[in-house]
1. Kindly indicate which of LEU157, LEU207, LEU219, LEU202 is within 30 Å of LEU276 (Cα to Cα), under 28 Å from the mean Cα position of the chain (by Cα) and not charged (D, E, K, R).
2. Residue by residue through region 94-117, note down the ones that are in a loop (DSSP other than H, G, I, E, B), surrounded by 16 or more Cβ atoms within 10 Å (Cβ to Cβ) and among the hydrophobic types (A, V, I, L, M, F, W, C).
3. Looking at region 1-93, what helices (runs of 4 or more DSSP H) fall wholly within it and have at least 2 residues that are touching a residue at least 60 places away in the same chain (Cβ under 8 Å) and either closer than 30 Å to PHE413 by Cα or outside the structural domain of ASN453 (by TED's automatic domain parsing) (or both)?
4. Please state which one of LEU61, LEU15 is more than 20 Å from the chain's Cα centre (by Cα) and within 24 Å of GLU163 (Cα to Cα).
5. Of the residues that make up region 442-449, is at least one under 23 Å from ARG54 (Cβ atoms), in contact (Cβ under 8 Å) with a residue 24 or more places away in the chain and either touching a Lys or Arg at 6+ places or on another chain (Cβ under 6 Å) or surrounded by fewer than 21 Cβ atoms within 10 Å (Cβ to Cβ) (or both)?
6. Going through ASN329, ASN314, ASN352 one at a time, which residue ends up being outside any loop (DSSP other than H, G, I, E, B) and under 23 Å from the mean Cα position of the chain (by Cα)?
Amino acid sequence: MIQPKQPLAQSIIQLCKNHNIQHIVISPGSRNAPLTIGFTNHDFFDCYSIVDERCAGFFALGMAQQLQQPVALVCTSGSALVNYYPAVTEAFYSRIPLIVISADRPDHLINIGDGQTITQPHVFGAHVLFEANLKEPSKKRFLKFPKSNNSLIYKALKLAKAEKGPVHINVPFAEPLYETMDGFTNRLDPLNIKTPIAAFSLSKSDLKIWKSSKRKMILVGVNPPDEVKEVYLKLIGEDPSVIVLTETTSNLHYSNFFASIDQLISPLDFTDFEALKPDLLLTFGGMIVSKKIKTFLRTYSPKTHWHIDPVQANDTFFCLTKHHKCTVNTFFSQLISLDNLLNESTYFETWNNVKIHRLLRHDDYMKSIPFSDFKAFNSLLKQIPDNYNLQSGNSSTIRYLQLFELNKTLSVFCNRGTSGIDGSTSTAIGAACVSKDPTVFITGDLSFFYDSNALWNNYIPSSFRLIIINNRGGGIFRILPGNKNSENFSTFFETNHSLTAESISKLFDFEYASASSDADLTTELEFFYSSSARPKILEIFTPSSQNDQILLSYFDFIK
């Protein structure tokens with residue numbers, strides 16, 4: 001087996017294998033040649049070549065999102081590394097395990113005017129869990145650094161997996177870079193640093209608080225599919241003192257849950273908010289999309305806020321009182337032991353009646369509106385086949401999805417860590433490459449064009465489906481307060497354009513179709529998910545001048 005002569009490259013390759021890090025996303029370069037040679041010549045690793053480092057970062061993030069396992073990124077020195085930064089920040093806040101392995105020049109070539117060179121240590125600052133800045137073992141001090149280097153690599157790989165986030169391993173390589181040999185020369189001593197697992201138990205006071213709270217609100221953010229056992233969903237779903245608010249990205253479904261948060265709370269007034277205010281707020285999962293629920297809980301603070309997570313708790317609503325450091329299943333398993341768990345309460349019944357009314361009004365509104373973003377989403381979401389992986393773009397796309405009850409067999413994902421539009425397409429394609437289910441990605445026009453290099457990719461499965469809602473600009477800014485009639489607004493906020501995806505589809509060999517009416521969309525959706533030799537793009541053109549008013553009027557209509 002051909003391997004690089006560089007000892008640091010050999011260490012990294014062997015330790016990645018030992019940690020079962022199988023997927024390696026490589027951006028071509030010269031300084032990273034020892035790593036590229038090692039990974040691509042080892043039959044354990046699945047390697048992917050993505051030229052654009054920003055796209056590569058999000059591509060790897062999408063893979064790690066699906067696998068729930070670390071994925072490694074490998075790049076050359078210089079500005080290549082900082083192109084990973086958007087994906088690194090997304091991974092940090094979404095808690096997705098990424099391992100960034102950057103090749104670097106030796107110390108004596110840094111900041112002397114040498115080409116393709118920047119100061120790479122600490123480049124990601126506070127946005128990585130750990131940073132391993134390795135030392136190059138020269139001939140004079142060959143035995144000085146190997147053990148410390150290996151310990152740093154080991155710690156980085158272990159933390160990425162244990163705490164779910166990005167780590168950075170910076171590797172200085174001196175020339176020659178392309179020398180190879182048969183097999184490994186530096187055999188690694190086994191490292192096995194055990195992390196103690198803390199026991200968890202609900203205290204008597206915790207159980208008392210749960211039992212005495214007549215109004216309990218459970219709010220669930222970003223969550224992987226099948227994360228919570230069905231028995232616990234029923235436990236909380238049948239409790240009359242509990243209402244469970246689930247975001248689209250929570251991937252939790254039960255008949256008694258409230259799947260459209262904004263639909264429920266947007267039309268409420270002061271008296272309603274007082275009635276909805278919980279005694280106990282219980283949260284788990286990642287980031288929350290709904291601004292309205294954030295505003296509500298920050299204004300009408302509950303007495304008690306618990307967050308469940310083995311590692312961290314964000315004080316999103318400025319009222320966090322306790323962090324339960326355990327898994328969700330562990331937490332609810334201990335609640336089951338509580339005698340007379342169910343409280344007498346009208347909390348669920350009251351708000352379930354409101355939900356039923358809202359859903360009826362929602363259906364009436366859909367029948368009354370013209371073709372628009374809202375109408376297009378209504379049609380699209382009804383036609384996605386069962387068991388699809390639904391990837392969502394940010395901005396308006398994920399917010400529209402929040403207003404619909406989705407097919408329960410779908411798994412929904414969105415880059416909500418930093419909520420940026422910059423890598424959504426690349427993430428969706430990375431996810432599609434390793435997902436056991438076919439993937440459909442719904443995005444807006446600006447997000448699509450911003451990340452169009454994502455399609456410069458040789459690994460896109462033919463089953464991949466991409467839907468673009470093209471309203472000729474940043475439609476979300478028309479929904480937000482501000483002067484929408486000025487020239488500055490259309491240029492610097494909405495960003496008007498006349499681009500279409502047809503030419504890009506041809507360039508990257510996608511099948512292309514478009515729709516600009518209900519009838520068009522119905523026709524195109526009949527064939528969109530059928531099998532094909534190439535992936536497909538469906539571009540839907542909607543009237544930008546009407547979309548905002550149609551959405552804003554919705555909340556008045558459903559009162």
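1. On the way: LEU157 fails: within 30 Å of LEU276 (Cα to Cα); LEU207 fails: under 28 Å from the mean Cα position of the chain (by Cα); LEU202 fails: under 28 Å from the mean Cα position of the chain (by Cα).
On inspection, the qualifying residue turns out to be LEU219.
2. Going through region 94-117, the residues in a loop (DSSP other than H, G, I, E, B) turn out to be 95-97, 105-106, 110-117.
Subset that is surrounded by 16 or more Cβ atoms within 10 Å (Cβ to Cβ): 95-97, 105, 110, 117.
Within region 94-117, ILE96, ILE110 meet the criteria.
3. Numbers: elements: 7-18, 33-40, 53-67, 79-82.
Fully inside region 1-93 and qualifying: 7-18, 33-40, 53-67.
4. Numbers: LEU61 fails: more than 20 Å from the chain's Cα centre (by Cα).
Going through LEU61, LEU15 in turn, just one is more than 20 Å from the chain's Cα centre (by Cα) and within 24 Å of GLU163 (Cα to Cα): LEU15.
5. Applying the first criterion (under 23 Å from ARG54 (Cβ atoms)) to region 442-449 yields 442-449.
Okay, now just the ones that are also in contact (Cβ under 8 Å) with a residue 24 or more places away in the chain, so 442-449.
From the residues that got through so far, the ones that are either touching a Lys or Arg at 6+ places or on another chain (Cβ under 6 Å) or surrounded by fewer than 21 Cβ atoms within 10 Å (Cβ to Cβ) (or both) too are 449.
So far as region 442-449 goes, yes, one or more of its residues are under 23 Å from ARG54 (Cβ atoms), in contact (Cβ under 8 Å) with a residue 24 or more places away in the chain and either touching a Lys or Arg at 6+ places or on another chain (Cβ under 6 Å) or surrounded by fewer than 21 Cβ atoms within 10 Å (Cβ to Cβ) (or both).
6. Values: ASN314 fails: outside any loop (DSSP other than H, G, I, E, B); ASN352 fails: under 23 Å from the mean Cα position of the chain (by Cα).
One residue alone meets the criteria, ASN329.
Residue-wise test of (1) free of Cβ contacts under 8 Å to residues at least 40 places away in the same chain; (2) outside the structural domain of GLU230 (by TED's automatic domain parsing); (3) buried (at least 17 other Cβ atoms within 10 Å of the Cβ).
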{"site": "ASN314", "(1), (2), (3)": "yes, no, no"}
{"site": "LYS325", "(1), (2), (3)": "no, no, no"}
{"site": "VAL328", "(1), (2), (3)": "no, no, yes"}
{"site": "ILE336", "(1), (2), (3)": "no, no, no"}
{"site": "PHE348", "(1), (2), (3)": "no, no, yes"}
{"site": "ASP373", "(1), (2), (3)": "no, yes, yes"}
{"site": "ALA376", "(1), (2), (3)": "no, yes, yes"}
{"site": "ASP386", "(1), (2), (3)": "yes, yes, no"}
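Residues are listed down the side, and each one gets a yes or a no for (1) crowded, with 20+ Cβ neighbours inside 10 Å; (2) within 26 Å of ASP107 (Cα to Cα); (3) at pLDDT 95 or above:
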{"residue": "PRO34", "(1), (2), (3)": "yes, yes, yes"}
{"residue": "ASN41", "(1), (2), (3)": "no, no, yes"}
{"residue": "PHE45", "(1), (2), (3)": "no, no, yes"}
{"residue": "ALA56", "(1), (2), (3)": "yes, no, yes"}
{"residue": "VAL71", "(1), (2), (3)": "yes, no, yes"}
{"residue": "VAL82", "(1), (2), (3)": "no, yes, yes"}
{"residue": "TYR85", "(1), (2), (3)": "no, yes, yes"}
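The values are calculated or read from the model by the stated rules, or taken from the named source; none is laboratory data. Small disclaimer: the values here were computed from a predicted structure and weren't measured. Neighbour counts run over all protein chains shown; Cβ positions are idealised from the backbone, glycine included.
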